[in-house]
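Every number in this text was worked out from the coordinates using simple rules, so none of it is lab data. Values in this document were obtained by computation on a predicted structure and should not be read as measured data. Using ideal geometry, Cβ is built from the backbone for each residue, glycine included, and neighbour counts are taken over all protein chains shown.
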Amino acid sequence: MQIKYDTGPFYDEAFDKQGTPRPHYQNFIERLDELTEAEFNRKREAIDLSFLQQGITFTVYGNQESTERIFPFDMIPRIIPKTEWDHLALGLEQRLKALNLFLNDVYHEQKIIKDGVVPAEVLNSSKHFRKEIMGLDVPRDIYIHICGTDLIRDDDGQYLVLEDNGRCPSGVSYMIENRQAMKRAFPRFFPKAGVRAVLDYPEKLLSALQYIAPNGKRNPTVAVLTPGVYNSAYFEHCFLARQMGVEIVEGRDLMVDSDDCVYMRTTEGLKQVDVLYRRIDDDFIDPEVFRKDSLLGVPGLVRAYKKGNLGLANALGTGVADDKVMYCFVPDMIKYYLGEDAILPNVETWLPYRKADLDYVLENADKLVIKAANEAGGYGMLIGPHATKKEVEEFKAKVKAAPREFIAQTPISLSRHPTYCDEGFGGRHIDLRPYIICGEKTRIIPGGLTRVALKKGSLVVNSSQGGGSKDTWVLNADS
Amino acid sequence: MLCRVADSLFWMARYIERAENTVRLVDVTLQTLLESEHSNDEVHYAHWKPILSSLGDLALFETLYSEKSNTEIPEFLIFNRENPSSVISCISAARENARMIRDQISSEMWEVINRTYLWLKKQDPEAVCQEADYSFFQHIKEFSQLFQGLVDTTFPHQIGFEFVKIGANIERADKTCRILDAKHYMLQQTEVKDDALDNAQWTAILRGCSAHEAYRRVFVADIEGDNVREFLLRSRDFPRSVLYCLTRVQLAMHAISKCPTSHFSNEAERRLGQLIAKLNYANPSDLNGKEVGKLIESIEEDLGEIAVEISKRYMFSEIVDPAEEADQTQTSTASA
């Protein structure tokens, strides 16, 4: 099968402006040439069916009855050559290091505020700033143990950081399942392609979790804390628990006893839990401290955490670094804590809480992307150039009413990637979410989740809004 | 093992067993009606009514349906989501339970449940019910058998396995009682004793328990009510007899508690031991005639109470309203 389409004004991952395949795509494109369309479709259908039967699905909300769908998978892998990846890895490590230093600082001395690098008003108005843990020393001073930074590329192919996702980044199970699917689909080609392994992610995660056990306890009991079967990422929570060989628990499986330790209810009685990989937001995790009406959390959990009887990953309060307004200050944090320039730049961003930025944003709303500062998953977002006049006006009103709750960015036209669609191969916009684990060492998983906007021309890659995904190949070499 | 996991294993197994038994009943009844000479809706309904009563579903059916034809009843028992014990409700509930513990069960177990659920959703209720689609019933029965086979061959024979056995065998014992109950309702309906009809009914009951051939091997003579009851209640080796199922539950419970079967270590074990003794040592006259109805009723009650005791002992968890909980899980999705 031949891939041929107009690459247009965009940066295409696989082809240069003349339409010649880039060297690191050469091998795969040759393999694809050998396949007939029927063979290609057979492989594709086999993958879809196995995803559906294994129940690798996510839940879509909003309809009356929430429905399960498979995350559409595209068989053309996104390929990253060695040099390019090494650069990304350095940038990601630098960024996470600065974020962890920042979190430690804002929950202790707040030097960065006192030195005027991050404005106090931004910190104090951040929804996810948790005063409850001021002064608390978290195990090993690590706050973000698992990070899923979103990266995009602009027209020139330059990588930019879109957001940091330092709370509970999801999608890593798709990274692993996509890889398994590709290995099954191309059993002879894959071993020769020189692709770096990602399948050891669960082991790396487990060792990072064990590393934060209270008092350095050996062989600690680790568990994954999930909001439950109705959560959209439930499949992933189970998947990780199973791969790590640990229990998956819901809030109702846990209790905090009078000794301020956390226990799970088992058929043999109570059993102590030392470390939780929690996939529940701060707000819901402990009704004694945060939302009183939460049925998902565990009363007393924060008490146990503060007493040092529990390791939590990610730590409480990391959302303050995840705030899209705070995001703007990350390059300044890197400079402040590490004395370095940011290796990976941010997207140009305006902060309407500043009067001058607000005026600019209101005037140019139809040319900008406006996002809610604390929403995720592509909800609460305006893409100015694609919106109707009415939508733009409605959004402007929202921004005016609560400027701190929004940010605005220049639309980046995201790089495109060959993707198999209804009309054959076409270029579709993509992003990249690599995963970083911070334990005894910081490990950047060589790969990640490449999300693709399957709808022609669309820039929204979120699974909830018609996005799909691809396997991401990081090569041992440059071609 | 987490209490919640034990609970889900128990219910997953129970729902699958329930779906299989319902399909068996519908299948046998439809087959029997095919043979009957007078086929009109009234005759058919008279035939279905005892089955609906024994399942405890008669009132719900009569409120949901105005027509009572040969299509509506199977539709109600198989495809109606408002009927919590319809086959689709059971398989969907089994799947929800399996989904909650999919990290604990083998992927083969999960996949066969998931596949069957997706398949069932695609079926056309009207076609299945009007045509009395044999291959449909066979599919569900084979699913249940495949599932049980996978439990045996892919799931570690540890404590979780025992909870699966408990769930399946409590349900099976209960359903065998209810099928016998159905015959009891049939008896009340006919005023004059009709030997041919009686014989056909007992045959249907045996087939409803997959017990026809096994019975024949033990009792060569005519099919007789007393013998069928004896067989379905007290056979020591037929896997769907009530006594057999109860003994299997007892084995599983004592494997969990590690207490010898000659003693008991909790209320569930005590009640079960008592029930087994009651059935095992029942006076032959209690197994036929008027007394048997009382005996079967008391077994059903005991089974319900034993299930409660098991859940008190092993699965204690606070009752959470699933609807309210679902509401929160949606809003608490972290950075997606």
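The charge dipole of the stretch B:1-155, taken about its Cα centre with unit charges on the Cβ of Lys, Arg, Asp and Glu (plus for the first two, minus for the last two), comes to roughly 740 debye.
Annotation: extensible slack from B:C259 through B:N227 equals 8.0 nm (criterion: 0.36 nm per residue apart, minus Cα-Cα distance).
Approximating the spin labels as points 7 Å out from Cα along Cα→Cβ, the B:T153-to-A:L90 distance works out to 5.6 nm. Projected label points at A:E203 and A:T20, each 7 Å from Cα along the beta carbon direction, are separated by 4.1 nanometres.
Give, as a single signed number, the net charge of other residues whose beta carbon lies under 13 Å from the beta carbon of B:S8, with Lys and Arg counted +1 and Asp and Glu -1.
Values: positive: A:R252, B:R4, B:R14, B:R95, B:R99, B:R102; negative: A:E250, A:D253, B:D7, B:E96, B:D103.
Cβ neighbours under 13 Å give a net charge of +1.
Averaged over the residues of peptide A:222-232, the number of Cβ atoms from other protein chains lying within 10 Å of each residue's Cβ is 5. The alpha carbon centroids of the stretch A:359-422 and the stretch A:243-276 are separated by 43 Å. Mind running the shape call on the stretch A:1-114? Use the C-alpha gyration tensor, a ≥ b ≥ c as the square roots of the eigenvalues: rounded below 1.5 for a/c, prolate if a/b tops b/c, oblate otherwise. Oblate. Think of chain A as a dipole: +1 on every Lys or Arg Cβ, -1 on every Asp or Glu Cβ, centred on the Cα centre; then among A:I133, A:G426, A:V246, A:V246 lies furthest on the positive end.
On the beta carbon distance between B:V308 and A:L35, with R0 = 56 Å, the FRET formula returns roughly 0.40.
Cβ neighbours within 10 Å, averaged per peptide: list A:83-92, B:241-250, A:183-192 in order, most packed at the top.
Numbers: A:83-92: 17.4, B:241-250: 22.8, A:183-192: 13.5.
Final packing ranking: B:241-250, A:83-92, A:183-192.
FRET efficiency for the pair B:E297 and A:Q180, taken as 1/(1 + (r/R0)^6) with r the Cβ-Cβ distance and R0 = 45 Å, rounds to 0.25. Centre-to-centre, using Cα atoms only, the stretch A:150-178 and the stretch B:113-159 are separated by 41 Å.
Count the net charge of all other residues whose Cβ sits under 12 Å from the Cβ of B:Q145, scoring Lys and Arg as +1 and Asp and Glu as -1.
Details: positive: B:R24, B:K141; negative: B:E17, B:E20, B:E142, B:D152.
Overall, the nearby charge balance is -2.
For the peptide B:98-105, the mean number of other protein chain Cβ atoms found within 10 angstrom of a residue's Cβ is 6.
So what is the 222 nm mean residue ellipticity for chain A from helices alone, if each DSSP H run of at least 4 adds -39500 (n - 2.57) and you divide by all residues, rounding to the nearest 500 deg cm²/dmol? If you can, show how the numbers build up before the last one.
Numbers: 15 runs with 141 residues, N = 479.
Estimated from H runs of four or more residues: -8500 deg cm²/dmol.
Specify whether the C-alpha gyration tensor of the protein assembly as shown places it in the rounded, prolate or oblate class, a ≥ b ≥ c being the square roots of the eigenvalues: rounded for a/c under 1.5, otherwise prolate if a/b is larger than b/c and oblate if not. Prolate, since a/c reaches 1.5 and a/b exceeds b/c.
Dividing the summed helix terms, -39500 (n - 2.57) for each DSSP H run of n ≥ 4, by the number of residues in chain B produces a 222 nm estimate of -24000 deg cm²/dmol to the nearest 500. Projecting the Cα atoms of A:V229, A:I76, A:M381 onto the dipole axis of the protein assembly as shown, where Lys and Arg carry +1 and Asp and Glu carry -1 at the beta carbon, places A:I76 farthest toward the positive end.
Holding the Cα-Cα limit at 20 Å, pick out from A:K131/A:K292; A:K111/A:K335; A:K355/A:K400; B:K68/B:K121; B:K141/B:K165 the pairs that are longer than that. Intermediate results must be reported in sequence, preceding the final value.
Values: A:K131/A:K292 17 Å; A:K111/A:K335 14 Å; A:K355/A:K400 10 Å; B:K68/B:K121 24 Å; B:K141/B:K165 18 Å.
B:K68/B:K121, as the Cα separations exceed 20 Å there.
Computed about the Cα centre, the dipole magnitude for the stretch A:1-134 is approximately 480 debye when only Lys and Arg (+1) and Asp and Glu (-1) carry charge, each at its Cβ. Centre-to-centre, using Cα atoms only, the stretch B:231-305 and the stretch A:432-476 are separated by 57 Å. For the stretch B:156-315, the Cβ-based charge dipole about the Cα centre amounts to some 640 debye (Lys, Arg positive; Asp, Glu negative; other atoms uncharged).
With the cut-off at 1.5 for a/c, could you classify chain A from its C-alpha gyration tensor as rounded, prolate or oblate? Can you show the working numbers first?
Details: a/c = 1.66, a/b = 1.23, b/c = 1.35.
Oblate, since a/c reaches 1.5 and b/c is not below a/b.
Excluding B:T154 itself, calculate the net charge of residues whose Cβ lies under 13 Å from the Cβ of B:T154, where each Lys or Arg counts +1 and each Asp or Glu counts -1. Its environment carries a net charge of -3. When the charge dipole of the stretch B:1-155 is built from unit charges on Cβ atoms (+1 for Lys and Arg, -1 for Asp and Glu) and taken about the Cα centre, the candidate among B:W11, B:I88, B:T29 whose Cα reaches farthest toward its positive end is B:W11. Label separation (B:F219 vs A:L49): 4.7 nm, computed from points 7 Å beyond Cα along the C-beta direction. Span-like helix criteria (full DSSP H runs; alpha carbon extent of at least 15 Å along the helix axis; mean Kyte-Doolittle hydropathy of at least -0.5) are satisfied in chain B by B:3-35, B:41-55, B:87-100, B:134-154, B:159-189, B:195-208, B:242-257, B:291-314.
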